[in-house]
Every structure is written in C-alpha cells, then in structure tokens.
Amino acid sequence: MAKARNPLRRGGFRGRSWIGWLFVLPALAFYAVFVLRPIALTLQYSLYTWDGIGPSAWAGLGNYLKVFTDPDLFDSILNAVKLIVFFSAIPVLLGLAIASTIRRIATSRLALVARTVIFLPQVIPLVAAGIAWSWLLSSTGLVNQLLSLIGLGDVTRAWLGDFSTALPAVGVIGAWVLLGLCTLLLLAGMSKIDPALYEAARLDGAGPWREFVSITVPSLRQEIGVCVTVTVIAALASFDIIYISTQGGPGNTTMVPGLEIYYLAFSERQVGTASALAVVLMVLVIACALPIQWLTRDRSS
C-alpha cells in the first residue's frame with residue numbers, strides 16, 4: 001500500500017525558506033539603501049548638468065563625452081591604470097617571494113617577526129602612512145639623507161614634488177601598504193599545499209626554483225586571483241594616500257579618478273561630471289575584476 005504523503009512537508013519547507021529570507025532581509029535592506037540606491041542616483045545625476053544646489057539641466061551623454069575628451073579627466077584614468085603596476089604587480093610578485101621564504105623557515109622565530117613586520121602597514125591608518133611617507137620622501141627627508149650619505153647626492157630630489165617621480169613615489173607607498181596583505185594571503189594558501197608534493201619533487205631532483213614554479217605557484221591560483229583583484233581595485237579606486245601625500249600634484253601628475261571626483265563634486269560643483277566619472281570608474285573596476293576572477297577560478301570544481 002502506498003505511503004500517504006504528508007501535506008505539511010511542502011508547506012513546512014516553504015515556511016523554513018521564508019524564515020531564512022526574514023533573517024537575510026535586514027542585510028538586503030541595508031545593501032539596497034546604502035549601495036544600490038546611491039548607484040542608481042549616481043547614474044541619474046550623470047545625465048544632468050547640476051551644481052548640487054540649484055535646478056538641473058538635461059545633459060544626456062554629454063558628461064560621459066567630457067570624461068573621455070577632457071585631457072585632465074582622461075589622464076586621471078590613465079594614472080590609475082599606471083598605478084596598477086605598483087599597487088598590484090609589485091606586491092603580488094614580491095609577496096610570492098617573501099611568503100615562499102617564510103614558509104621555508106616557518107619553525108623559526110624569524111618567521112614570526114617577519115610576518116608581524118610585513119603586516120604592520122595594514123594596521124597603520126592610511127592617513128598616518130601618507131604623512132609618514134611624505135616626510136620620508138621630502139627634499140630633506142630620510143631617503144635623501146641616506147642617498148647623500150652613500151654618495152648619491154646628485155640623485156636626491158623632492159620625490160613627491162617632482163613631475164617625473166611623483167607618480168612612481170605614490171606607487172611605492174601603495175606597494176608598501178599592500179605587500180603585507182598579499183604576503184599573508186599567499187602564506188595562508190601555501191600552508192594548505194600537501195608537503196608530500198615537495199618531497200616527491202625533491203626525490204625527482206627538483207631544486208627550490210622548480211618547486212616554486214611547478215608546485216607553489218599553480219597551487220596558489222585562487223589566492224593569487226584574490227590578491228590581484230584586491231590590489232587592482234585599490235589602484236583604480238585609490239584616494240586617501242594620494243590626497244594626503246600629493247593632493248593630485250604636482251600639476252595633475254598624480255591625479256586619479258577618486259580624487260578628481262572629489263574635486264569636481266565638492267570644489268567645482270560639477271556633480272553631473274563627477275557622477276559620470278564615478279560610473280566610468282565603476283565600469284572599469286568591474287571590467288578588470290571579472291576577467292581576473294574568471295582566469296583564476298578553480299577549474300576542478
């Protein structure tokens with residue numbers, strides 16, 4: 001005889017799913033109010049010419065055309081793209097080397113000290129880091145004093161005030177800040193690699209470099225993807241370090257979209273243009289982050 005179906009089962013399942021949605025509802029409401037609504041308003045403002053106070057006028061795509069035709073606005077985007085080399089490539093590559101070295105001396109006290117020192121920039125507020133580096137890289141700062149001490153006085157300059165070195169100097173600050181995060185993420189990924197793989201490689205005669213290239217790097221595919229994504233976004237959306245250290249100068253050599261948006265909206269009262277640049281920046285971040293996530297995802301799953 002067929003077993004009678006319990007009429008409460010389906011209803012009970014639906015009830016439990018609705019209870020789950022009730023728990024998620026506060027977070028969804030918070031996300032909608034503080035993330036989705038500002039994005040929608042930014043899209044709306046980008047289509048108008050508005051000073052933030054008086055009446056607005058329809059501009060259509062004129063603000064977006066200005067972003068790509070105004071040299072100052074477009075150069076700020078190019079500067080952010082250039083910073084990717086410093087904010088992303090240097091911390092990830094250097095982090096791989098440092099994490100691999102720390103893994104080899106994991107049982108020593110030096111490894112603990114190294115992890116603490118390298119992660120220290122993540123604990124320091126970025127405003128304080130920007131001020132400290134501004135002192136270090138000034139014309140009478142510690143960097144120039146050390147260069148003069150070793151006989152390289154001709155090389156000294158105001159690193160953050162020179163047109164040719166301001167952007168690389170800001171990039172060095174960003175690389176210093178992000179190095180600790182990348183190193184610890186990669187070190188955590190290395191701790192999950194099976195030690196038997198390294199033992200088998202040594203039995204086959206592989207040296208440290210071959211182990212690193214053939215075992216360590218392929219095993220850190222997802223961790224590298226996270227590091228690259230975080231650092232690329234940090235480069236494109238950079239604001240605080242540059243605002244404290246250079247404020248976009250000298251000239252506009254270190255101007256980036258985040259700082260340009262701030263000046264346009266609150267100093268020049270060009271809310272429409274600032275919103276258009278913000279939308280372009282958001283699209284650029286998504287266009288960079290999605291391919292990175294796709295290329296570094298776990299293919300086995």
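Which one, T69, T49, T229, has the greatest fluctuation when you compute a Gaussian network model over the chain with C-alpha springs under 10 angstrom? Per the Cα network of the chain with a 10 Å cutoff, T69 tops the list.
Mean Kyte-Doolittle of at least 1.0 plus a Cα span of 27 Å or more along the axis: flag which DSSP H helices in the chain meet both, please. Flagged H segments are 166-190, 271-295. Projecting the Cα positions of W176, V217, S138 onto the charge dipole of the chain (unit charges on Cβ atoms of Lys, Arg, Asp and Glu, taken about the Cα centre) puts V217 furthest along the positive direction.
Return the tail of the calculated pair distribution for the chain, meaning the percent of Cα-Cα pairs more than 26 Å apart.
On the way: 27713 of 45150 pairs.
Result: 61 percent of Cα pairs exceed 26 Å.
Working note: 222 nm ellipticity from helices only, DSSP H runs with n ≥ 4, each -39,500 (n - 2.57), summed and divided by the residues of the chain, gives -21000 deg cm²/dmol to the nearest 500. For the pair F30 and T101, a Förster radius of 45 Å applied to the C-beta separation gives a FRET efficiency near 0.60, rounded to the nearest 0.05.
For a test of the definition: using alpha carbon positions, the gyration tensor, and the 1.5 limit on a/c, classify region 58-179 as rounded, prolate or oblate. In terms of gyration-tensor shape, oblate.
At an R0 of 30 angstrom, the distance between the Cβ atoms of V155 and Q247 translates into a FRET efficiency of 0.75. Taking the average, over residues, of other Cβ atoms within 10 Å as the packing measure, peptides 171-178, 196-203 rank 171-178, 196-203 from highest down.
Once you order the gyration tensor axes a ≥ b ≥ c over the Cα atoms, which shape class does region 103-164 get: rounded for a/c under 1.5, otherwise prolate or oblate by comparing a/b with b/c? The shape class here is oblate. A simple spin-label model places the labels of Y198 and V217 1.8 nm from each other, with each point 7 Å out along Cα-to-Cβ.
What distance in nm lies between label points placed 7 Å from Cα along the C-beta direction at V172 and L147? For V172 paired with L147, the spin-label model returns 0.7 nm. Distance between the C-alpha centres of region 232-256 and region 13-54: 29 Å, rounded to the whole angstrom.
Would you mind ranking S76, S134 by Cβ crowding within 10 Å, fewest neighbours first?
Going from sparsest to densest Cβ surroundings: S134, S76.
Determine the shape class of region 256-301: with a ≥ b ≥ c the square roots of the Cα gyration tensor eigenvalues, call it rounded for a/c under 1.5, and otherwise prolate if a/b is greater than b/c, oblate otherwise. Prolate, since a/c reaches 1.5 and a/b exceeds b/c. If you wrap region 187-301 in the convex hull of its Cα atoms and look at it from every side, the mean projected area works out to 10.3 nm².
Values quoted throughout were computed directly from the atomic coordinates according to the rules given, and no laboratory measurement underlies them. Note that this is a predicted model, so its numbers are computed, not measured. Ideal geometry is used to build each Cβ from the backbone, glycine not excepted, and the neighbour counts take in all protein chains shown.
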